1. How would you classify the stretch 1-112 from its alpha-carbon gyration tensor, with a ≥ b ≥ c the square roots of the eigenvalues: rounded for a/c under 1.5, else prolate if a/b is greater than b/c, otherwise oblate?
2. Along the Cα→Cβ direction, 7 angstrom out, place labels at SER152 and LYS126. What is the inter-label distance in nm?
3. Taking only the Cα atoms of the chain, how large is their convex hull per residue, in Å³?
4. Find out how many positive minus negative residues lie around PRO137, taking Lys and Arg as positive, Asp and Glu as negative, among other residues whose Cβ is under 13 Å from that of PRO137.
5. Under 8 Å for C-alpha pairs, at least 6 residues apart: give me the relative contact order for the stretch 95-215, rounded to a whole percent.
6. Rounded if a/c is under 1.5, else prolate if a/b is larger than b/c, else oblate: which is the stretch 187-254, with a ≥ b ≥ c the root eigenvalues of its Cα gyration tensor?
7. Just how much of TRP48 is accessible, in Å², when a 1.4 Å probe is used and the result is rounded to the nearest 10?
8. Can you compute the modelled spin-label distance between ASP206 and TYR7, with each label point 7 Å from Cα toward Cβ, in nm?
Amino acid sequence: MTAFRDYASAPPQVVALYKTNHEKQTLDYVLQTKERLKDGFGKRLGIWKVLEMLDSLVDESDPDTDSAQTQHALQSAEKARRDEQPRWMVLACLIHDLGKMLCLHGFEQWSVVGDTFPVGIKHSDKIVYSEFFSENPDSRDPKLNSKLGIYSQGCGLAKVHMSYGHDEYLYNVVKDYVPQEMAYVIRFHSFYAWHKEGAYQELLDDTDRRMLPHLLAFNKYDLYSKSEALVDVESVRDYYTELINEFFPAEIVF
(Lines give C-alpha, C1' and ligand atoms only; values in the text may rest on other atoms or scores of the structure.)
Protein backbone atom coordinates (compact mmCIF):
# COMPACT_ATOMS: atom_id res chain seq x y z
CA MET A 1 0.00 0.00 0.00
CA THR A 2 1.51 3.35 -1.01
CA ALA A 3 -1.20 5.89 -0.14
CA PHE A 4 -2.96 6.46 3.16
CA ARG A 5 -6.10 8.45 3.95
CA ASP A 6 -7.08 8.30 0.27
CA TYR A 7 -10.69 9.40 0.64
CA ALA A 8 -11.05 10.21 -3.05
CA SER A 9 -10.96 6.47 -3.74
CA ALA A 10 -12.68 5.35 -0.54
CA PRO A 11 -15.24 2.54 -0.70
CA PRO A 12 -18.95 3.45 -0.46
CA GLN A 13 -19.30 2.42 3.20
CA VAL A 14 -16.62 4.96 4.21
CA VAL A 15 -18.40 7.79 2.37
CA ALA A 16 -21.76 6.76 3.84
CA LEU A 17 -20.38 6.71 7.38
CA TYR A 18 -18.91 10.20 7.07
CA LYS A 19 -22.14 11.53 5.58
CA THR A 20 -24.11 10.32 8.59
CA ASN A 21 -21.43 11.50 11.00
CA HIS A 22 -21.33 15.02 9.57
CA GLU A 23 -25.11 15.31 9.55
CA LYS A 24 -25.64 14.10 13.13
CA GLN A 25 -22.64 15.32 15.14
CA THR A 26 -24.16 18.56 16.46
CA LEU A 27 -23.28 20.58 19.55
CA ASP A 28 -26.42 19.29 21.28
CA TYR A 29 -25.57 15.68 20.42
CA VAL A 30 -22.03 16.08 21.78
CA LEU A 31 -23.15 17.68 25.04
CA GLN A 32 -25.79 15.01 25.61
CA THR A 33 -23.37 12.17 24.87
CA LYS A 34 -20.68 13.63 27.13
CA GLU A 35 -23.18 13.76 29.98
CA ARG A 36 -24.40 10.23 29.25
CA LEU A 37 -20.89 8.75 29.24
CA LYS A 38 -19.18 10.91 31.87
CA ASP A 39 -18.86 7.87 34.15
CA GLY A 40 -18.48 5.30 31.39
CA PHE A 41 -20.48 2.08 31.60
CA GLY A 42 -19.36 1.18 35.12
CA LYS A 43 -17.64 -2.02 33.98
CA ARG A 44 -14.28 -2.98 35.47
CA LEU A 45 -12.06 -4.47 32.79
CA GLY A 46 -8.39 -5.04 32.12
CA ILE A 47 -6.71 -3.22 29.24
CA TRP A 48 -5.68 -6.45 27.47
CA LYS A 49 -9.20 -7.81 27.87
CA VAL A 50 -10.64 -4.80 26.04
CA LEU A 51 -8.05 -5.21 23.31
CA GLU A 52 -9.21 -8.79 22.84
CA MET A 53 -12.85 -7.68 22.78
CA LEU A 54 -12.08 -5.55 19.73
CA ASP A 55 -10.57 -8.44 17.78
CA SER A 56 -13.65 -8.73 15.57
CA LEU A 57 -14.21 -4.99 15.05
CA VAL A 58 -13.29 -3.39 11.72
CA ASP A 59 -13.36 0.41 11.52
CA GLU A 60 -15.78 1.31 8.71
CA SER A 61 -14.34 4.85 8.43
CA ASP A 62 -10.84 3.66 7.52
CA PRO A 63 -10.07 3.66 3.78
CA ASP A 64 -6.66 2.07 4.34
CA THR A 65 -7.28 -1.29 6.01
CA ASP A 66 -9.91 -3.89 6.79
CA SER A 67 -7.85 -5.46 9.58
CA ALA A 68 -9.47 -5.93 12.98
CA GLN A 69 -8.63 -3.36 15.65
CA THR A 70 -6.43 -5.72 17.66
CA GLN A 71 -4.03 -6.12 14.75
CA HIS A 72 -3.96 -2.39 14.05
CA ALA A 73 -3.12 -1.74 17.71
CA LEU A 74 -0.28 -4.26 17.74
CA GLN A 75 1.11 -3.13 14.39
CA SER A 76 1.20 0.47 15.62
CA ALA A 77 2.80 -0.43 18.93
CA GLU A 78 5.37 -2.77 17.42
CA LYS A 79 6.57 -0.10 15.00
CA ALA A 80 6.93 2.43 17.83
CA ARG A 81 8.74 -0.21 19.89
CA ARG A 82 11.19 -0.94 17.06
CA ASP A 83 11.90 2.79 16.83
CA GLU A 84 12.69 2.84 20.56
CA GLN A 85 10.02 5.38 21.36
CA PRO A 86 9.31 6.15 25.03
CA ARG A 87 7.29 3.46 26.76
CA TRP A 88 4.29 5.77 27.11
CA MET A 89 4.27 6.28 23.33
CA VAL A 90 4.38 2.53 22.69
CA LEU A 91 1.47 2.10 25.10
CA ALA A 92 -0.45 4.96 23.44
CA CYS A 93 -0.06 3.16 20.11
CA LEU A 94 -1.36 -0.04 21.67
CA ILE A 95 -4.47 1.40 23.35
CA HIS A 96 -5.37 4.53 21.37
CA ASP A 97 -8.43 2.95 19.75
CA LEU A 98 -9.82 1.07 22.76
CA GLY A 99 -12.61 3.64 22.93
CA LYS A 100 -14.09 1.89 19.92
CA MET A 101 -15.56 -0.53 22.46
CA LEU A 102 -18.48 1.93 22.30
CA CYS A 103 -19.53 -0.09 19.26
CA LEU A 104 -19.93 -3.11 21.54
CA HIS A 105 -22.38 -1.11 23.67
CA GLY A 106 -24.82 -0.28 20.91
CA PHE A 107 -23.24 2.87 19.50
CA GLU A 108 -23.29 3.02 15.71
CA GLN A 109 -19.93 3.52 14.05
CA TRP A 110 -20.77 7.04 12.82
CA SER A 111 -20.77 8.09 16.48
CA VAL A 112 -17.53 6.32 17.37
CA VAL A 113 -14.96 6.35 14.55
CA GLY A 114 -13.64 8.71 11.91
CA ASP A 115 -11.93 12.10 12.03
CA THR A 116 -13.01 14.40 14.84
CA PHE A 117 -13.72 18.13 14.56
CA PRO A 118 -14.87 21.00 16.81
CA VAL A 119 -18.59 21.63 17.20
CA GLY A 120 -20.10 24.98 18.15
CA ILE A 121 -17.98 26.72 15.51
CA LYS A 122 -17.96 27.03 11.72
CA HIS A 123 -16.99 23.75 10.07
CA SER A 124 -13.67 24.03 8.27
CA ASP A 125 -13.38 22.95 4.66
CA LYS A 126 -10.22 21.11 5.76
CA ILE A 127 -12.40 18.43 7.39
CA VAL A 128 -12.68 15.35 5.20
CA TYR A 129 -15.99 15.31 3.25
CA SER A 130 -16.85 18.77 4.57
CA GLU A 131 -19.59 19.08 1.94
CA PHE A 132 -21.76 16.79 4.05
CA PHE A 133 -22.09 19.43 6.77
CA SER A 134 -24.73 21.17 4.64
CA GLU A 135 -27.32 18.86 6.25
CA ASN A 136 -26.07 19.42 9.80
CA PRO A 137 -28.54 21.65 11.73
CA ASP A 138 -25.66 23.58 13.32
CA SER A 139 -24.70 24.81 9.86
CA ARG A 140 -27.89 26.88 9.84
CA ASP A 141 -27.34 28.49 13.25
CA PRO A 142 -25.54 31.86 12.90
CA LYS A 143 -24.22 31.65 16.48
CA LEU A 144 -22.33 28.49 15.59
CA ASN A 145 -20.95 29.64 12.24
CA SER A 146 -18.42 32.34 13.02
CA LYS A 147 -14.64 31.94 13.12
CA LEU A 148 -14.72 31.41 16.89
CA GLY A 149 -18.32 30.28 17.40
CA ILE A 150 -18.99 29.77 21.11
CA TYR A 151 -15.25 29.89 21.97
CA SER A 152 -12.65 32.60 22.56
CA GLN A 153 -9.34 33.29 20.85
CA GLY A 154 -6.63 30.98 22.19
CA CYS A 155 -8.96 29.20 24.61
CA GLY A 156 -7.14 25.89 24.11
CA LEU A 157 -8.49 22.62 22.75
CA ALA A 158 -9.16 21.32 26.27
CA LYS A 159 -12.04 23.82 26.40
CA VAL A 160 -13.40 22.93 22.96
CA HIS A 161 -16.20 20.43 22.41
CA MET A 162 -15.09 17.93 19.77
CA SER A 163 -17.38 15.64 17.80
CA TYR A 164 -17.90 12.71 20.14
CA GLY A 165 -16.18 9.42 19.50
CA HIS A 166 -13.64 6.91 20.73
CA ASP A 167 -10.97 9.55 21.36
CA GLU A 168 -12.92 11.53 23.97
CA TYR A 169 -14.37 8.41 25.59
CA LEU A 170 -11.00 6.71 26.10
CA TYR A 171 -9.36 9.95 27.24
CA ASN A 172 -11.81 10.16 30.12
CA VAL A 173 -11.23 6.50 31.01
CA VAL A 174 -7.41 6.65 31.18
CA LYS A 175 -6.48 10.29 31.91
CA ASP A 176 -5.82 9.70 35.62
CA TYR A 177 -3.37 6.86 34.94
CA VAL A 178 -1.09 8.08 32.17
CA PRO A 179 1.28 10.99 31.48
CA GLN A 180 -0.23 14.23 30.17
CA GLU A 181 1.39 13.72 26.76
CA MET A 182 -0.18 10.30 26.35
CA ALA A 183 -3.62 11.48 27.44
CA TYR A 184 -3.42 14.36 24.97
CA VAL A 185 -2.42 12.09 22.07
CA ILE A 186 -5.35 9.79 22.81
CA ARG A 187 -7.80 12.69 23.02
CA PHE A 188 -6.86 14.45 19.79
CA HIS A 189 -5.28 11.82 17.55
CA SER A 190 -8.25 11.88 15.13
CA PHE A 191 -8.33 15.70 14.82
CA TYR A 192 -6.65 15.68 11.39
CA ALA A 193 -8.13 19.00 10.29
CA TRP A 194 -5.80 20.59 12.83
CA HIS A 195 -2.67 18.49 13.14
CA LYS A 196 -2.49 17.52 9.46
CA GLU A 197 -4.24 20.38 7.65
CA GLY A 198 -3.52 23.31 10.00
CA ALA A 199 -7.12 24.44 10.56
CA TYR A 200 -8.49 25.98 13.78
CA GLN A 201 -5.25 27.73 14.75
CA GLU A 202 -7.33 30.43 16.45
CA LEU A 203 -8.38 27.96 19.16
CA LEU A 204 -4.90 26.79 20.18
CA ASP A 205 -3.09 27.68 23.37
CA ASP A 206 0.50 27.05 24.46
CA THR A 207 -0.31 23.55 25.66
CA ASP A 208 -1.64 22.58 22.24
CA ARG A 209 1.44 23.93 20.51
CA ARG A 210 3.69 22.09 22.97
CA MET A 211 1.83 18.82 22.44
CA LEU A 212 1.72 18.96 18.64
CA PRO A 213 5.13 17.26 18.11
CA HIS A 214 3.92 14.29 20.17
CA LEU A 215 0.80 14.00 18.00
CA LEU A 216 2.84 14.14 14.82
CA ALA A 217 5.22 11.48 16.13
CA PHE A 218 2.28 9.28 17.05
CA ASN A 219 0.63 9.68 13.63
CA LYS A 220 3.37 7.87 11.76
CA TYR A 221 2.71 4.79 13.88
CA ASP A 222 -1.06 5.07 13.68
CA LEU A 223 -1.11 5.55 9.90
CA TYR A 224 2.03 4.09 8.41
CA SER A 225 2.20 0.84 10.37
CA LYS A 226 -0.85 -0.54 8.57
CA SER A 227 0.24 -3.72 6.89
CA GLU A 228 -0.98 -7.05 5.65
CA ALA A 229 1.64 -8.75 7.86
CA LEU A 230 -0.15 -9.80 11.03
CA VAL A 231 1.53 -9.66 14.44
CA ASP A 232 1.82 -12.99 16.28
CA VAL A 233 -0.17 -12.07 19.40
CA GLU A 234 1.25 -14.78 21.64
CA SER A 235 4.84 -13.77 20.88
CA VAL A 236 4.30 -10.23 22.17
CA ARG A 237 1.67 -10.78 24.86
CA ASP A 238 4.14 -10.91 27.78
CA TYR A 239 5.87 -7.69 26.73
CA TYR A 240 2.63 -5.75 26.45
CA THR A 241 1.19 -7.22 29.63
CA GLU A 242 4.24 -5.92 31.50
CA LEU A 243 3.93 -2.52 29.77
CA ILE A 244 0.23 -2.23 30.64
CA ASN A 245 0.94 -3.16 34.27
CA GLU A 246 3.52 -0.38 34.49
CA PHE A 247 0.77 2.23 34.03
CA PHE A 248 -2.53 0.58 34.95
CA PRO A 249 -3.97 -1.56 37.74
CA ALA A 250 -5.38 -4.97 36.86
CA GLU A 251 -8.77 -3.45 36.03
CA ILE A 252 -10.14 0.05 35.48
CA VAL A 253 -13.64 1.37 34.98
CA PHE A 254 -14.81 1.56 31.37
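1. Here the stretch 1-112 falls in the oblate category.
2. Output for this residue pair reads 2.3 nm.
3. 120
4. -2
5. Details: 160 pairs, mean separation 38.9, N = 121.
It rounds to 32 percent for the stretch 95-215.
6. Oblate.
7. For TRP48, solvent-accessible area is about 40 Å².
8. 3.4
The values are calculated or read from the model by the stated rules, or taken from the named source; none is laboratory data. The structure presented is a predicted model; accordingly, all values stated were derived computationally and were not measured. Counting neighbours? That spans all protein chains shown, and the Cβs are built from the backbone with ideal geometry, glycine included. The accessibility values were calculated without ligands, DNA or RNA, using every heavy atom of the protein model including side chains. Shrake-Rupley method; radii C 1.70, N 1.55, O 1.52, S 1.80 Å.
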